[in-house]
Amino acid sequence: MSIALIFKGFFAHTLRELLSRHAFRLGALGLLSFAILWEIVSRSGWINPVMLPAPSVIARSSVELAANGELQQHVLNSLWRAFLGFAIGSILGLLLGVAMARLPRLHSLLNPLVQIFRAIPSLAFVPLAIFWFGIGETSKVILIAFGVFFPVWVNTYLGARDTNPLFSRAAASLGARGWRMLVFLILPAALPFIIAGTRIALGSALVLLVASELTGAQFGVGYLIQMSQQVFRVDHMFVGLITLGLLGFLFDYLFVCGLRKFLPWYGAENNHANGTRRMDGLKSGQD
Amino acid sequence: MKFPFLTAKTKDFPGSEFERSNCPRRDNEGQAIVPIRSVGGKRIEAAEGTLHRGSLDAGALIECRELAHVYHTRLGEEIAAVRDITLSIDAGEFVCLLGPSGCGKTTLLNMVAGFLAPSAGKLRLNGDDIRCPAPDRGVVFQDYSLFPWLTVEANIAYGLLMAGVSAKRRKAAATELLELVGLPHIGAQYPFELSGGMKQRVAIARALATDPAVLLMDEPFAALDAMTRESLQRQLLDIWARTRKTVLFVTHNIGEAIFLASRVIVLSARPGRIVEDIRLPENFRPRKRTSPEFNRLYERLAKAIGVEGTE
């Protein structure tokens, strides 16, 4: 009986380990087979290889672009814009979200306005932003900030408005009042919402980054794609696309790693109950 | 809690209101008694009259006089949760508020905590009107209320942080309180890593951290399994013996009330009124649940509640 249990425990353990390594290997296998299939299709002659360059060609082109420093410049310019826009947009969203949640009159005053603005897809503002601010950095950063602002604002607002009354009662009975209530209760209690909003905003930031760069820039990944189209370098277009894919993946990954490191409690209540500590709950936006 | 459809719309002291209201510090001695707060948009005058400070019982820690609380439903109906509560609690007592579900015992506790405003009557702590929540009344809730974003230690030290106590003294206090509740090595853990019983013990430590005059406990063990509950009851008695805190403990469990209390106050069904107020002999401790005296008290309290021996 006990021996059987030990064996069962042992196998369950190794199986899990095997599975997690297995999952990694399977993922790598999936990527590799996709690349091989693509390579075959591209070289088979069924499709014009200029239209669909093989992965090996794209890899060579990206090495070339990286060697003369061009790719890095595109990436760095894009990252800087995205960072500036993201920082401005999310700080403003956070401030207005908290202010509107705590000041009902301000909420009544601004809510219809913000809701109407929110209903306009931010991409629709691209032409206007260029008309007003030119094709320089300003218009790009403003557009990204604009797109980032709304998801952060609406989530912060909801989180700061719907503080669990149990927590606010507990805090009040422990002496929290005024700004202390805000800083030590309402904001941390709203963190799950704020995090969810910020994660959505990360996606919007990339969309608006590319959209604003497509309209013209000196450097930038979106600009790289646009220019490559005009000079028929489909391989360079693919370099840009893959870079964007990797950047988006990397941002999200770093975001989750940061959460796990600095906010270990986030999402843990549910996952712990299931006996796992995976952060998958994040993806479904459980909040 | 028991009637969410009633309580959801009451705007007495929801989290957002009292924190902005100018809660006076406890220095309003001799101040004229004014309506504590308007309820449901209507100002309800507190009962005036010849009542003045200390008229009830000069030595009492908590005084209630003709205390009532009325809920307003969304249709504008008035429903009295408690009525005519006149009661005084001395320092050091362990008072159990016992009554059937929905009898208003939690409402009474919430008024003492300052979460709800009385609709009529007087409610005082140490001679001062209770107007809002304050750290002189530590609260342990039925639902797990530890802040999930803070470690156990930070949760316990929360009240001290609000009071501006230095980090070093906060840490020392948290360590001491963790010892008191018998969980000396979990300070660095987060609430999600604790079992239900551990969470409630940490909640007790958190409520004790500000050295309150009274510990208010709202069915704190109701969500726990029977064995954990009994163990926590024993520990609570131990903590009470060591700190000599005044405890106001809400429960609907007759056995729990007899096991813990030095005084049991039985409330009738809604609107809650005091139907029985029994002081239990202190020499009758530890209270064995199988002893004839325990059973005799059980029968008496069961009759007072109106359940006749069934639990």
Output the qualifying pairs, or none if there are none: Cβ atoms under 8 angstrom, residues six or more apart or on different chains, first residue in region B:176-192 and within 14 Å of chain A (Cβ to nearest Cβ) and surrounded by fewer than 18 Cβ atoms within 10 Å (Cβ to Cβ), second residue of a type outside the set (Lys, Arg) and assigned to a helix (DSSP H, G or I).
B:Ala188/B:Val152; B:Ala188/B:Glu153; B:Gln189/B:Val152
Could you tell me whether region B:200-219 includes any residue that is away from every other protein chain (no Cβ under 12 Å), basic (Lys, Arg) and surrounded by 22 or more Cβ atoms within 10 Å (Cβ to Cβ)?
yes
Please go through region B:126-161 and pick out each residue that is over 18 Å from B:Ile89 (Cβ atoms), more than 9 Å from chain A (Cβ to nearest Cβ) and in contact (Cβ under 8 Å) with a residue 60 or more places away in the chain.
B:Arg131, B:Gln142
Would it be correct to say that A:Leu208 is crowded, with 18+ Cβ neighbours inside 10 Å, under 14 Å from the mean Cα position of the chain (by Cα) and more than 14 Å from every other protein chain (Cβ to nearest Cβ)?
yes
What number of residues within region A:134-160 satisfy the criterion of being under 15 Å from the mean Cα position of the chain (by Cα) and modelled with pLDDT under 90?
0
Being at pLDDT below 90 and touching a Gly at 6+ places or on another chain (Cβ under 6 Å) narrows it down to one of A:Gly285, A:Gly281, so name that one.
A:Gly281
So which residues in region B:68-116 are at positive phi and within 14 Å of chain A (Cβ to nearest Cβ), if there are any at all?
B:Gly114
Scanning region A:172-195 for residues that are buried (at least 24 other Cβ atoms within 10 Å of the Cβ) and facing chain B (nearest Cβ under 7 Å), the one nearest to B:Leu109 (Cα to Cα) turns out to be A:Ser173
Given the condition assigned to a helix (DSSP H, G or I), surrounded by 18 or more Cβ atoms within 10 Å (Cβ to Cβ), hydrophobic (A, V, I, L, M, F, W, C) and touching a Lys or Arg at 6+ places or on another chain (Cβ under 8 Å), answer yes or no: does some residue in region A:130-147 qualify?
yes
Filter result for the condition that a residue is out of contact with any Leu (no Cβ under 6 Å at 6 or more places or on another chain), buried (at least 19 other Cβ atoms within 10 Å of the Cβ) and of a type in the set (S, T, N, Q), over A:Asn111, A:Asn48, A:Asn77, A:Asn68
A:Asn77
Top-ranked residue of region B:179-212 - restricted to ones that are over 19 Å from B:Thr228 (Cβ atoms) and in a helix (DSSP H, G or I), ranked as farthest from the chain's Cα centre (by Cα)
B:Glu179
Which listed residue is in the same structural domain as A:Leu158 (by TED's automatic domain parsing) and either polar (S, T, N, Q) or under 22 Å from A:Ala201 (Cα atoms) (or both), from A:Leu103, A:Leu96
A:Leu96
I need every pair where a residue in region B:95-121 that is farther than 20 Å from B:Gly138 by Cα has its Cβ under 9 Å from the Cβ of a residue that is among the β-branched types (Val, Ile, Thr) and in a loop (DSSP other than H, G, I, E, B), sequence separation at least 6 or different chains.
B:Pro100/B:Val307; B:Ser119/B:Ile44; B:Ala120/B:Ile44
With the structure loaded, tell me whether A:Ala201 is among the small types (Gly, Ala, Ser), without any contact (Cβ under 8 Å) to a residue 60 or more places away in the chain and either farther than 27 Å from A:Thr138 by Cβ or crowded, with 18+ Cβ neighbours inside 10 Å (or both) or whether it fails that test.
no
Can you name the residue in region B:114-148 that is within 15 Å of the chain's Cα centre (by Cα) and of a type in the set (Asp, Glu) and, of all such residues, is surrounded by the most Cβ atoms within 10 Å (Cβ to Cβ)?
B:Asp136
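The values are calculated or read from the model by the stated rules, or taken from the named source; none is laboratory data. Bear in mind the structure is a predicted one, so any value in this text is a computation, not a measurement. Methodologically, a virtual Cβ is constructed for each residue, glycine included, from the backbone with ideal geometry; neighbour enumeration extends over all protein chains shown.
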